[in-house]
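Worksheet: one structure, shown below.
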Amino acid sequence: MQQPRISRRRLAGLFVWAGAAHALPACGQAAAADKRVLVLGAGLAGLSAAWELQQLGYEVTVIEGRDRVGGRVWTVREGFEQGQFAEIGAVRIADVHDRTLDYCEMLGLELDEYKDGEPLYYIDGKRFMHAAGEPWPLDGLNDDELELSLGDYWTREIYATFTEFGDPRMNGFPKPGIVEKYDGMVYADFLRMRGISETYLKLYASDNGSEISTIGTLAWMAAEVADQAWGATYHIRGGNDQLPKRLAEEVGRATSSSAARSPRSRTTTPA
């Protein structure tokens with residue numbers, strides 16, 4: 001699996017933000033405690049970790065280098081009228097994402113079912129729609145890819161490998177030998193290893209995202225196996241950024257409440 005690189009400048013930047021914590025508007029007074037945790041990043045992973053740790057009695061400081069919370073969950077509202085917005089980060093919540101749905105319920109966020117439309121493709125300079133059973137209007141496809149739907153490709157090439165990797169929902173991931181075999185391999189190279197053409201790889205990326213060239217095979221397949229029972233898809237009414245914002249508020253509220261009970265306190269960055 002690819003390891004993210006961090007430059008000395010980025011690392012120094014984290015500590016600059018730590019030093020600037022007193023100036024952030026979301027700061028609160030946290031009770032001094034023996035159990036203290038520093039969380040780097042106020043994406044959903046960092047915020048949910050901070051909230052869960054607070055429930056266990058830990059004093060938590062969250063440091064975020066951007067001017068917003070949410071990480072990959074990013075809703076853009078500027079430039080739109082009549083309450084419109086655009087999701088340029090995470091868009092969909094699967095019905096098998098139990099923890100995310102639990103947080104939505106806990107925070108009182110309403111969900112709307114996300115309905116897929118008919119996709120419009122733009123690949124290799126060609127703009128087209130595609131009907132099942134018709135040849136793809138692209139050059140460079142293998143013979144068996146010409147009329148192969150993306151769903152059928154997933155069943156044939158992805159679902160067929162699930163038993164090899166193991167199931168993270170059953171504490172069976174990864175199976176022995178899988179780490180040694182796929183560590184350091186991005187998901188696009190895994191698909192190439194299974195014989196995909198470069199043209200069909202572009203089709204696959206149009207449906208799954210350009211991250212196939214940056215996310216490791218092990219991480220991607222863990223998510224694929226865990227999501228195999230995915231049925232309905234949801235979106236948070238009014239924008240997905242409400243989830244990290246509301247979670248950050250809860251983390252900050254718990255921090256402030258802890259400070260009120262403590263005779264000694266220090267300033268933290270709750271998100």
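Only one of Glu145, Glu105 is over 25 Å from Leu201 (Cα atoms) and modelled with pLDDT of 95 or more. Can you tell me which?
Glu105
Could you tell me whether Gly133 is in contact with an Asp or Glu (Cβ under 7 Å, 6 or more places away or on another chain), open to solvent by 20 Å² or more (accessible area, probe 1.4 Å) and farther than 17 Å from Ser197 by Cβ?
The answer is yes for Gly133.
Could you list all residues from the range 103-124 that are assigned to a helix (DSSP H, G or I) and open to solvent by less than 80 Å² (accessible area, probe 1.4 Å)?
Result: Tyr103, Cys104.
Return the residues of the range 171-200 that are open to solvent by less than 10 Å² (accessible area, probe 1.4 Å) and closer than 14 Å to Trp154 by Cα; say none if nothing qualifies.
Scanning the range 171-200 gives Tyr187, Ala188, Phe190, Leu191, Tyr200.
Can you tell me which residues in the range 238-254 are outside any loop (DSSP other than H, G, I, E, B) and at positive phi?
The answer is none; no residue qualifies.
Out of the residues in the range 216-256 meeting the condition of being surrounded by fewer than 21 Cβ atoms within 10 Å (Cβ to Cβ), over 19 Å from Arg156 (Cα atoms) and of a type in the set (A, V, I, L, M), tell me which one is modelled with the lowest pLDDT.
Filtering the range 216-256 for residues that are surrounded by fewer than 21 Cβ atoms within 10 Å (Cβ to Cβ), over 19 Å from Arg156 (Cα atoms) and of a type in the set (A, V, I, L, M), the one modelled with the lowest pLDDT comes out as Ala254.
It is to be established whether one or more residues within the range 137-156 are among the hydroxyl-bearing types (Ser, Thr, Tyr), touching a helix residue (DSSP H, G or I) at 6+ places or on another chain (Cβ under 9 Å) and closer than 27 Å to Asp95 by Cα.
Scanning the range 137-156 turns up at least one residue that is among the hydroxyl-bearing types (Ser, Thr, Tyr), touching a helix residue (DSSP H, G or I) at 6+ places or on another chain (Cβ under 9 Å) and closer than 27 Å to Asp95 by Cα.
What residue, of Leu203, Leu141, Leu218, is touching a residue at least 40 places away in the same chain (Cβ under 8 Å), part of a loop (DSSP other than H, G, I, E, B) and out of contact with any Cys (no Cβ under 6 Å at 6 or more places or on another chain)?
Result of the check over Leu203, Leu141, Leu218: Leu141.
Identify, by number, the condition in (1) surrounded by 10 or more Cβ atoms within 10 Å (Cβ to Cβ); (2) of a type outside the set (Ser, Thr, Tyr); (3) in a strand (DSSP E or B) that Arg127 doesn't meet.
(1)
Of the residues Val60, Val69, Val73, which single one is more than 19 Å from the chain's Cα centre (by Cα) and crowded, with 18+ Cβ neighbours inside 10 Å?
Val60
The values are calculated or read from the model by the stated rules, or taken from the named source; none is laboratory data. Remember, it's a predicted structure, so these values are computed and weren't measured experimentally. All Cβ positions, even for glycine, are placed from backbone atoms using ideal geometry, and neighbour counts span all protein chains on display. Note: areas computed on protein heavy atoms with side chains; ligands, DNA, RNA excluded. Shrake-Rupley method; radii C 1.70, N 1.55, O 1.52, S 1.80 Å.
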